[in-house]
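Chemist: Below are the structure tokens for one structure; questions will follow.
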Amino acid sequence: MSAARVRAFAPGRVNLIGEHTDYNDGLSLPFAIVEGVTVDAMLRPGREVVGGGPSPLVSAVVEELRAAGQEVPGAEIGISSNLAEGEGLASSAALAVAVALALLGLAGERAERVERVELVRLCQRAEHRALGTRSGLLDQLASLCGSEGHAARIDFRSLEVDPVPLGLLGWRLGVASSGERRELAASGYNERRAECERAAEMLGVGSLRLADGSDIDRLPDPLNRRLAHVLSENDRVEKAVTALREEDLAGLGRLLDASHASLRDLYDASTPAVERTVDRLREAGAAGARMMGGGFGGSVLALFGPDVDLPRGVRAVAPAAGAHVLAS
């Protein structure tokens with residue numbers, strides 16, 4: 001039986017560490033945040049889905065749901081969001097997930113009856129179709145699988161998601177905008193993904209997850225540096241999980257710094273505005289800071305000790321629940 005009205009919410013995400021690893025079958029450690037996108041869907045006659053403003057992503061989600069054999073009734077939808085766009089907080093993924101959950105609920109399908117991986121891949125395809133990005137599965141998985149008080153260690157080769165307690169012991173994570181809006185399709189994001197695919201092809205492996213350090217010297221520049229980043233970033237994810245379990249927050253800060261240096265020097269994903277923001281946060285007492293999301297602008301994540309006040313323009317972030325249906 002279908003519901004006449006459904007409201008669904010999907011959060012944005014902060015990626016603690018593990019950047020540009022998802023489309024290389026690597027590891028990441030994101031967490032869902034309180035801010036996100038809420039979608040209200042109400043049944044209407046016919047099969048057309050209307051409303052939602054000018055976003056092509058809504059139509060793309062509808063098309064992907066129907067292509068996957070899901071029933072999507074006619075609907076009128078409204079969208080509200082308190083998640084900044086273009087800041088590297090996965091606003092597009094949150095919108096796609098919230099729209100999908102609301103429409104599935106409207107059709108009488110509950111999220112538990114749709115395989116998580118199927119829904120994640122569906123929302124990814126919708127983003128590819130609507131926005132022209134070749135993004136991986138990090139954002140959708142983080143939004144859908146987040147849990148309060150925990151980060152999620154995601155293995156993108158197996159798509160296993162393991163919760164990791166994010167106990168900060170009085171330390172705080174904060175996000176600051178670089179002031180530079182990030183447009184993934186127009187940035188170097190797709191180019192970086194193509195470079196990684198080219199490196200894997202040259203090495204004869206299915207993904208850079210299957211390469212090792214001895215392969216770095218087999219590649220020309222910049223492909224050798226792309227591989228070096230992916231391998232070292234996967235290692236930093238595992239070290240970050242260990243640091244959290246051992247309550248080594250200072251060590252976690254050093255890993256954030258190392259991740260940023262790798263993204264800047266090996267992946268060429270930084271910009272002057274991002275560098276200025278990182279420098280400002282470190283000067284304000286951050287124990288570690290790094291660019292977040294796809295890079296090329298957006299936000300910077302920083303870790304602050306218990307005795308350091310968050311500087312102006314920095315918003316505290318903490319792990320929150322994943323996407324869910326609010327009412328029907």
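Readers should treat all values here as calculations from the given coordinates under stated rules, not as data from a laboratory. Quick caveat, the model's predicted, so the values are computed rather than measured. Cβ coordinates were reconstructed from backbone atoms using ideal geometry, including for glycine residues, and neighbour counts include every protein chain displayed.
Chemist: For Cα Rg over 2.2 N^0.38 Å, the choices are [x] 0.99; [y] 1.08; [z] 1.20; which was calculated from the structure?
Modeler: [x]
Chemist: So what does log10 I(q)/I(0) come out to for segment 172-317 at q = 0.17, 0.19 Å⁻¹, using the Debye formula with one equal point on every Cα and no solvent?
Modeler: For the requested q values the scattering log ratios are -0.96, -1.11.
Chemist: For a quick check: with amide H placed at 1.01 Å from N, whose amide H comes under 5 Å from VAL164's, ignoring anything fewer than 5 positions away on the same chain?
Modeler: Distant-sequence amide H within range of VAL164: ALA151, ALA152, ARG153.
Chemist: Would you mind ranking PHE156, PHE31 so that the residue whose beta carbon has the fewest other beta carbons within 10 Å leads the list?
Modeler: PHE156, PHE31
Chemist: Residues with amide H under 5 Å of VAL314's amide H, sequence separation 5 or more or different chain, H placed in the peptide plane at 1.01 Å from N; which?
Modeler: Residues meeting the criterion, in which the H sits 1.01 Å from N, do not exist here.
Chemist: Rounded to the nearest 500, what is the chain's calculated 222 nm mean residue ellipticity when only DSSP H runs of at least 4 contribute -39500 (n - 2.57) each, over all residues?
Modeler: Here the helix-only value at 222 nm equals -12000 deg cm²/dmol.
Chemist: Any chance you could give the angle, 0 to 90 degrees and rounded to 10, that helix 223-245 forms with the longest Cα principal axis of the chain?
Modeler: Helix 223-245 and the main axis of the chain meet at about 80 degrees.
Chemist: How far is helix 272-283 tilted, in degrees, relative to the longest principal axis of the Cα atoms in the chain, given as a value from 0 to 90 rounded to the nearest 10?
Modeler: 70
Chemist: Sticking with this one: Cα axis of helix 91-106 to longest principal axis of the chain: angle in degrees, 0 to 90, nearest 10?
Modeler: The helix 91-106 is inclined about 30 degrees to the chain.
Chemist: Hey, another quick one. Rounded to the nearest 20 Debye, what is the dipole magnitude of segment 156-279 about its Cα centre when Lys and Arg each give +1 and Asp and Glu each give -1 at the C-beta?
Modeler: 260
Chemist: Something else now. With springs connecting C-alpha atoms under 10 Å apart, model the chain as a Gaussian network and identify which of GLY297, GLY206, GLY108 has the largest mean-square fluctuation.
Modeler: Taking springs between Cα atoms under 10 Å, the residue moving most is GLY206.
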